[in-house]
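Only the coordinates and a few stated rules stand behind these numbers; no lab work does. Bear in mind that the values here come from a model prediction, so they are computed numbers and not experimental data. FYI the Cβ positions are ideal-geometry reconstructions off the backbone, even for glycines, and counts take in every protein chain you see.
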Ligand code: KIV
Ligand code: ZN
């Protein structure tokens, strides 16, 4: 890699997945990893291997299929985590272990209960353990933003001496401002011994809405790797958004003079895939990937754009993949055409039975909607996110008319047994959820309910996300259908299935 190259390290599958309810299955992670590779990211942080056996398997499965991007696992600075990470990434053609330990007084005293000397010693030891598995070892000083500068320099000197090849400086709590963050990066590069032998990286959170600005400031100060996520997904206010970083560097090449390997035309597809799978909608006015990002509403703007594009546009919508949603299949498309399109989209189904089931759902959709787009197929395939569906929607009838109380009749199958209930509600969706609750009795709290249309037009599928919480666990359920009430019921049951699956996993930073 040259000094003019900016390494894009995507952590959607790790830090992004730490968002409440965004936990993904192995198959979903594989789909996203394949798309990230197509997008051209240099490093895919595929997860935190020690979190659970499921997380380990997902990283390993990604390591088995990804060949162009480096596959990375996060590991706390302890022997077990690092060995799990090393084993999980072992099949990858290019592999990295990313180990970290907190270096700020507040984290060392209250979370780690370790002295600075112990932290220093452990950081060095962690890098040495990681080097047993790969010579591509990244070290992060968690909460670098609130760490003492002299101590950071001491730790980075020591881990570079031990063999770390990338040094990541995180603003874990999203506290910094761009000027300060750039200065911190510049000072570190100037003061750390052998700083020219490693890649400097930045990892910013968005609590004050400055993750992208802070990251870019670090880049101007010499960072050559940015850690980011698709749609800025991540805990609390999220991480720096990949699409904004990439397009800023590209559009303002005069300022940054850096290249990336990103194929920007894949950005919108990737954004939609991540949003569909995680159930985190993209706000319409979000830069680059929001539905309005390139829409010129006011007459004055439209006139300007029609006369001369650059009047109000600094990027072209098609450069980031807008308008590339291909009309792929229709009512008359056969099984082979469906199979081929799945392969083109990088979707691998497990065996003929899974293909038949997906094809049957596709036919059902094609009966209701004449034009099927790639986004429809992605949503269709995301429906079966819980392999073992404990609860399934068998039947739903809603009655709603002006002046009357909406009423729903629902039949759900639980392990093949049909259960029926009816309920009134404030609206048809409320009535359907109440009827489902009568059957399931989950006691889950509904934290969020949102509807988005997958493509345009009144026959488009509505994609519904519900966020449910029970006993401290939060899950997102998704459902898609041309009928919004059915999509809502599917989403609710999908969330209940995830709660039922009850997969325990450790959080790397707690
Ligand atoms: O925000 C953070 O500090 C992290 C580290 C694990 C790199 O995500
Ligand atoms: Zn983070």
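A few points about this structure:
- Value of Rg/Rh across segment 11-98 [Cα atoms, Kirkwood radius]: 0.93
- The modelled label-to-label distance for the pair residue 447/residue 399, using points 7 Å beyond Cα in the direction of Cβ, is 3.7 nm.
- Each listed q (0.21, 0.25 Å⁻¹) maps to a log10 I(q)/I(0) for segment 431-499, found by the Debye formula over equal Cα scatterers with no solvent: -0.79, -1.03.
- Modelled spin-label separation between residue 295 and residue 507, with each label point placed 7 Å from Cα along the Cα-to-Cβ direction: 3.5 nm.
- FRET efficiency, residue 348 to residue 315 (Cβ-Cβ, R0 45 Å, nearest 0.05): 0.85
- For residue 252 and residue 331, a Förster radius of 60 Å and the Cβ-Cβ distance give a FRET efficiency of 0.85, rounded to the nearest 0.05.
- Annotation: peptides 56-65, 109-118, ranked by per-residue average of other Cβ atoms within 10 Å with the highest first, follow the order 56-65, 109-118.
- Taking label positions 7 Å along the Cα-Cβ direction at both residue 208 and residue 265, the computed distance is 4.0 nm, reported to one decimal.
- Using 0.36 nm per residue and subtracting the Cα-Cα separation, the extra length available between residue 367 and residue 473 on full extension is 34.4 nm.
- Pairwise centroid distance, computed over Cα atoms, of segment 246-264 with segment 189-245, Å: 15
- Cα gyration tensor shape for segment 1-50, rounded if a/c is under 1.5, else prolate or oblate: prolate
- Rel. contact order, % - alpha carbon contacts under 8 angstrom, at least six apart, segment 142-258: 23
- If the chain linking residue 121 and residue 191 were pulled fully straight, counting 0.36 nm for each residue of separation and taking away their Cα-Cα distance, it would gain 23.2 nm.
- Rg(Cα) / (2.2 N^0.38 Å) computed for the chain, rounded to two decimals: 1.02
- From helices alone, the chain scores -12000 deg cm²/dmol at 222 nm; the rule is -39500 (n - 2.57) for each run of n ≥ 4 DSSP H residues, then divide by the residue total.
- 0 to 90° range, to nearest 10: angle between helix 335-344 axis and the chain longest Cα axis: 20
- Most to least packed among 350-356, 180-186, 141-147 [average Cβ atoms within 10 Å]: 141-147, 180-186, 350-356
- Put the Cα centre of segment 113-152 next to the Cα centre of segment 1-57 and the gap is 22 Å.
- Entry note, segment 1-140: relative contact order of 19 percent, from Cα contacts under 8 Å with a spacing of 6+ residues.
- Protection proxy ranking, highest mean first, for peptides 221-227, 474-480, 204-210: 474-480, 221-227, 204-210, where packing is the per-residue count of other beta-carbon atoms within 10 Å, averaged.
- Rounded to 10°, Cα long-axis angle of helix 149-162 versus longest principal axis of the chain: 90
- Considering only the Cα atoms of segment 340-465, their convex hull presents on average a projected area of 9.4 nm².
- Segment 27-163: mean projected area of Cα convex hull, nm²: 8.2
- Per residue, the convex hull spanned by the Cα atoms of segment 102-233 amounts to 105 cubic angstrom.
- P(r) histogram, all alpha-carbon pairs of segment 202-260 included - 10 Å bins from 0, percent: 27, 57, 16, 1
- Sites residue 180 and residue 458, calculated FRET efficiency, Cβ-Cβ separation with R0 56 Å, nearest 0.05: 0.65
- The chain: angle of helix 79-89 to the longest principal axis, Cα-based, in degrees nearest 10: 60
- For segment 198-250, the relative contact order works out to 39 percent when only alpha carbon pairs closer than 8 Å and six or more residues apart are counted.
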